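The values are calculated or read from the model by the stated rules, or taken from the named source; none is laboratory data. Predicted model only: the values in this text are computed from it and were never measured. Note: ideal-geometry Cβ built from the backbone for every residue, glycine included; neighbour counts use all protein chains shown. Note: accessible area is taken over every heavy atom of the protein model, side chains too, but ligands, DNA and RNA are not part of it. Shrake-Rupley method; radii C 1.70, N 1.55, O 1.52, S 1.80 Å.
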Amino acid sequence: QVQLVESGGGLAQAGGSLRLSCQASGSIFSANVMGWYRQAPGKERELVATITTFGGTIYATSARGRFTISRDNAKNTVYLQMNSLKPEDAAVYYCKLKAANNDYWGQGTQVTVSS
């Protein structure tokens, strides 16, 4: 079983920054993809960014150029540095780990952006 614990959410002003962290524990397959998704009220959950064990990244158009995903494989931790935040970035951000055809999700962390 895999557990994911997110941290780092909170309140930021528009134009500000936040850094999210997600640490995985448990039986983690060495080759995996970790990522961040978000869900705003009344909207579907959407991809923000993903990163493979080997550092390959994918960004949503809305995140490209403002957000940076990174990971520390030794710590089984993925980060999301969010800069130039906009009110439309407000959402619950979820960490996801995909390995061996299984998806694991964290409990989510709230990000609020004031205009």
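Just a few scattered comments:
- The criterion of being among the β-branched types (V, I, T), open to solvent by 30 Å² or more (accessible area, probe 1.4 Å) and touching a Lys or Arg at 6+ places or on another chain (Cβ under 6 Å) holds for V33.
- Qualifying residue in the stretch 93-111 (condition: assigned to a strand (DSSP E or B), among the β-branched types (V, I, T) and touching a Lys or Arg at 6+ places or on another chain (Cβ under 6 Å)): no
- Among residues of the stretch 30-46 that are in contact (Cβ under 8 Å) with a residue 24 or more places away in the chain and of a type in the set (V, I, T), those with a Cβ under 6 angstrom from a residue that is outside any loop (DSSP other than H, G, I, E, B) and open to solvent by 50 Å² or more (accessible area, probe 1.4 Å), sequence gap 6+ or separate chain, pair up as V33/K98.
- Scanning the stretch 78-90 for residues that are within 13 Å of the chain's Cα centre (by Cα) and either surrounded by fewer than 17 Cβ atoms within 10 Å (Cβ to Cβ) or charged (D, E, K, R) (or both) yields Q81, D89.
- Hits in the stretch 53-82 - residues which are over 21 Å from G108 (Cβ atoms), touching a Lys or Arg at 6+ places or on another chain (Cβ under 9 Å) and polar (S, T, N, Q): T53
- Flag if Y94 is open to solvent by 20 Å² or more (accessible area, probe 1.4 Å) and either of a type in the set (A, V, I, L, M, F, W, C) or in contact with an Asp or Glu (Cβ under 8 Å, 6 or more places away or on another chain) (or both): yes
- Selection count, the stretch 67-92, where residues are of a type in the set (G, A, S) and assigned to a strand (DSSP E or B): 2
- Segments classed as strands (runs of 3 or more DSSP E), wholly inside the stretch 1-64, with at least 2 members that are within 13 Å of K96 (Cβ to Cβ): 2-7, 18-26, 33-39, 46-52
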